[in-house]
Amino acid sequence: MTFYSLARSLHIAAGVVGFITLWLPLFARKGGALHRRMGWVYVSAMGVVAFTALILSGTRFIVDPAVRSVALFFISLSTQSAAAASLGVRVLRAKQRTTAHRSVYDLGIAGLTLGTGLVTLTWGVMMNAPLLWGFAPVGIFVGASTLYYWLTPPRERMHWWFQHMAAMVTSGIGTLTAVLVVNARHLGISGMQLAVFLGPTVVGVTGLRLWVRHYRQKFSPPPRALSNAPLAGAER
């Protein structure tokens, strides 16, 4: 077995594990044992997926000019998904912070996501590849918003909760996008269609907005109860 085929086998195996475990933390009790354990399994699987995707797609980008745009798409997608999964864990470790967070690792991952998105967008425009310039803004937004989150003091008490949700949903969007693009042909659909690789983003972002709205209402302080004591003027 060659190194490339070994990386491919690991990529497929980790991708299956990631796709299965993606759903369990979403529906399990938040903070419970199942949520935490399956979350760690998912994050670990995404780390393997991203590493092997860089090997596979990087090799194809170098040796096969005909598929460079597709290879760059998967490089960008894997970077974005793994970075989001990492962010989902890292925000929990820094949830008590009250100032800017300047970890070299966290800022580096966010910068890598932003830089990969910019390179992907530039290449897509130069090569007139809708696959790239249509998806690259997602990575640019994720990288830039993550840098902003780390470099600014928290503005709300449960900032880490909302950032954790957003990061894991973003990672899940990347996972679903990869699955659809790769397997769409089995359903007689071209995986390169804009609707295929942007569909999970539209659905995921919409669901995330509704989810965030729900928890903002849940975490918001209850309205101050009105005093039952009669006003002084009312007694007269």
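Here are some notes:
- Backbone N atoms of the range 30-63 closer than 15 Å to the 7 Å Cα→Cβ label point of TYR215 belong to residues 30-32, 35-36, 39.
- Compared with the dominant principal axis of the Cα atoms in the chain, helix 104-127 is inclined by about 50°.
- Note on TRP40 and PHE27: the model spin-label points, each 7 Å out from Cα along the C-beta direction, lie 2.3 nm apart.
- Normalised alpha carbon radius of gyration of the range 23-168 [divisor 2.2 N^0.38 Å]: 1.13
- Counting only DSSP H runs of at least 4 residues, each contributing -39500 (n - 2.57), and dividing by the residue count of the chain, the helix-based mean residue ellipticity at 222 nm comes to -25500 deg cm²/dmol.
- For the range 75-177, the set of trypsin sites (Lys or Arg not before Pro) satisfying both a DSSP loop assignment and a count of at most 11 other C-beta atoms within 10 Å is given as ARG102, ARG155, ARG157.
Read-outs throughout are calculated quantities, based only on the coordinates presented, and are distinct from any laboratory measurement. Owing to the predicted nature of the structure, the values given are computational and were not obtained by experimental measurement. Cβ: placed from backbone, ideal geometry, glycine included. Neighbour counts: every protein chain shown.
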